[in-house]
Amino acid sequence: MEINYSGKSVLIVDNTLEDLSALRQILSRLGVERIQVASSVNMALSLLRLEKYDLCFVDYDLGQDEKNGLQLLHEANAEGLLSHRNLFILVVDTERSHLLFGSLENSPDTYISKPYDIARVRSRLDKVMRIKNVTAKLDELWDQGELDEALICCDGLSELYPGLHLYLSRLKGILLLQLGRYGEAAQLFESLIDKRDLPWAEVGVGAAYFHLARYDDALRMLNRVVDNQHICAEAFSWLGRAYWAKGSLSQAINLMRKAIMLQPTVPQLQRELADLAAQASDWTIAIDAYRAAVRYARYSIFQEPAAYFGMARALAYTIKDGDEVQSKEAEEEVIRILEDVVLDHQDYEGIGLRAKLCAGDIFRIGDIPELSVQRMRDACAMFQALDQEQRCVWLDAMVDATANTALADTIAGQKKELASVMVTLAWGKASLKAMVCFRKGDFLGAFQNFTEAHDLLPEHIGIALNMVQAGIEVARRNSADAMGVLMRCDEVLADLRFGELSERQAARYRTLAKRCCELERPAVTDGVG
């Protein structure tokens, strides 16, 4: 059956005008009428935010030091701009294509190569379009978030279309991971790689092993992907997490530096390297990586304040330890980056207060007391202007920031005033109950209540760290709950952005992470809820 392309909308992303025109002409000859073009990833993302396209043709190489075509797929998926019914076609040389399909969830549907030929383009498109017609119902359920129903549909299609077994197995594995059924996902991917070399399945089983706390197995599997030179950001991210979970910080840093050499324009990898380097107090690497993370994340879903704050905090040590010229340059850059974080994140709640608190901490570390005092006074004024509920949210951060300063008594008075408000808030009540349990030695009760508070207010760093501390005490006593508790602690610590932690929080984080790594984790074999 001939595929009709007349009603399809197409986005072409290429920075070479001649190639772009050639592909546009071929698509027009196939009957496509609605064609839009872009020359960069950020331009393409802007178009995708305005309109859905049935087919996206994206050149992998969009210029030196520019985001590549795979990054567009990753960022668009993260932002929810692509439907499972869309087709994403990567334009790449045939000899390089096998290195770009190692990703599990961010892999293109197919690829074509230059120079374009209408017969080859049509053949590729027809083949993948027929598959998409078969999986239309599955894709629709997935887009609607009906993952359990999508999984059932996937199994049904596997029985009806045995020729699509491998393709559908990949989709099933992704669904199992998204549903948290890690044991089943691991078994599925293991069965696939027993029969053939499938880098994406190795990434899948490595991710499943990580969630099952089988860190050595995750390292073994994911290193296979990396050692074979596959360009896969997820493989590096899961590997870095696995090394970190085992306490191998230096290995994690070396791995992420390798990832950056291969994929320098990926902001998530730059930010992960920066956070690891900051944990190791390697400020030179941290500054460069945070700077790159800020640059390449701009105008994307990966733009976040943590990289700005991390960069500013890393620069504080250059202010402190550099020569006069270096210190002055670092001070000026800190001021600029903290201005940028406010301008670039105006919709981020409390961004101005966070910037003032960060500045106060940085200038104290950098031994510029007059600037530190001024920023802390500004922060206190902003804190006082908040309503009572928001002051409860920010109270711990203010107590931490003003400790051992002339403002400590003022904030202590606020703490007493807000005590009656705190117990009326669900997260505040749970946190206070956890504190009582912890003081009584009921560490499991403390962990459960801190977990409840964390789930209600995940952005509260103090609660997250308290939860981990309580979890460590549970695990140290070898209770029946120890394994699940430790895995949750690993997850919470890994999800915290080290760059946004204050100096006191960072010191506490390092201690808790070290204690977590020292506790034994017997591997689990079934899914984790």
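The values are calculated or read from the model by the stated rules, or taken from the named source; none is laboratory data. Quick caveat: nothing in here was measured; it's all calculated off a predicted structure. A quick note on method: Cβ atoms are made from the backbone with ideal geometry, for glycine too, and the neighbour counts reach across all protein chains shown. All accessible areas refer to the heavy atoms of the entire protein, side chains included, with ligands and DNA or RNA removed. Shrake-Rupley method; radii C 1.70, N 1.55, O 1.52, S 1.80 Å.
Multiplying each eigenvalue of the alpha-carbon gyration tensor of the stretch 315-389 by 5 and taking the square root yields semi-axes of 25, 14, 7 Å, largest first, rounded to whole angstroms. The fraction of accessible area contributed by carbon and sulfur in the chain is 49 percent, rounded to a whole number (1.4 Å probe; ligands and nucleic acids excluded). Over 23 Å between Cα atoms, which of Lys137/Lys195; Lys8/Lys127; Lys356/Lys415; Lys114/Lys137 qualify? With Cα atoms farther than 23 Å apart: Lys137/Lys195; Lys114/Lys137. The convex hull of the Cα atoms of the stretch 384-431, projected and averaged over all directions, covers 3.2 nm².
Residues of the stretch 303-317 with an amide N closer than 13 Å to a point placed 7 Å from the Cα of Arg49 along the Cα-to-Cβ direction: 303. One compactness figure for the stretch 421-518 is 1.01, namely its Cα radius of gyration divided by 2.2 N^0.38 Å. With the convex hull drawn over the C-alpha atoms of the stretch 209-313, the volume per residue is 92 Å³.
Taking 0.36 nm per residue of sequence separation and removing the Cα-Cα distance, the Ala408/Asp216 pair yields an extension gain of 64.5 nm. The Cα trace of the stretch 299-458 gives Rg and Dmax of 17.8, 53 Å, the first to one decimal, the second as a whole number.
In whole angstrom, how far apart do the alpha carbon centroids of the stretch 294-314 and the stretch 15-55 sit? After rounding, the separation between the Cα centres reads 29 Å.
Along the Cα→Cβ direction, 7 angstrom out, place labels at Asp143 and Gln390. What is the inter-label distance in nm? In this crude label model, Asp143 to Gln390 measures out at 3.8 nm.
Once the Kirkwood radius over Cα pairs is known for the stretch 59-139, the Stokes-Einstein relation at 4 °C and 1.567 mPa s delivers a diffusion coefficient of 95 µm²/s. With R₀ set to 56 Å, the beta-carbon distance separating Ser123 from Tyr348 gives a calculated FRET efficiency near 0.75. The antiparallel fraction among DSSP beta bridges confined to the chain stands at about 0%.
Here the stretch 325-367 and the stretch 139-208 have alpha carbon centers that stand 45 Å from each other.
Note on the stretch 200-243: Kirkwood hydrodynamic radius from all Cα pairs is 9.7 Å, rounded to one decimal. For the stretch 149-255, pairs of C-alpha atoms spaced more than 24 angstrom apart make up 25 percent of the total. Shown is the FRET efficiency for Glu370 and Leu262, computed with R0 = 41 Å from the Cβ-Cβ distance and rounded to the nearest 0.05: 0.35. Based on the Kirkwood approach, the hydrodynamic radius assigned to the chain is 25.3 Å, with every pair of different Cα atoms included.
Computed from Cα positions, the angle between helix 283-297 and the longest principal axis of the chain comes to roughly 50 degrees. Exposed loop sites are taken as GluC sites (Glu not before Pro) in a DSSP loop (any state but H, G, I, E or B) with at most 12 other beta carbon atoms within 10 Å; the longest stretch of the chain without one runs 52-348. Alpha-carbon geometry of the stretch 25-98: the Rg and the Dmax are 12.5, 35 Å, given in that order. When every Cα-Cα distance of the stretch 1-58 is counted in 10 angstrom steps from zero, the calculated P(r) takes the values 24, 53, 21, 2 percent. Once the Cβ-Cβ distance of Arg29 and His165 is raised to the sixth power relative to R0 = 22 Å, the FRET efficiency obtained is 0.05.
With a simple spin-label model that places each label point 7 Å from the Cα along the Cα-to-Cβ direction, the separation between Gln187 and Glu520 comes to 2.7 nm. Note: relative contact order over the stretch 268-366, using C-alpha pairs below 8 Å and six or more positions apart, is 23 percent.
In the stretch 445-494, inverting the average of 1/r over every pair of distinct C-alpha atoms gives 10.5 Å as the Kirkwood radius. Estimated from helical segments only, the mean residue ellipticity of the chain at 222 nm is -21500 deg cm²/dmol, where each DSSP H run of four or more residues counts as -39500 (n - 2.57).
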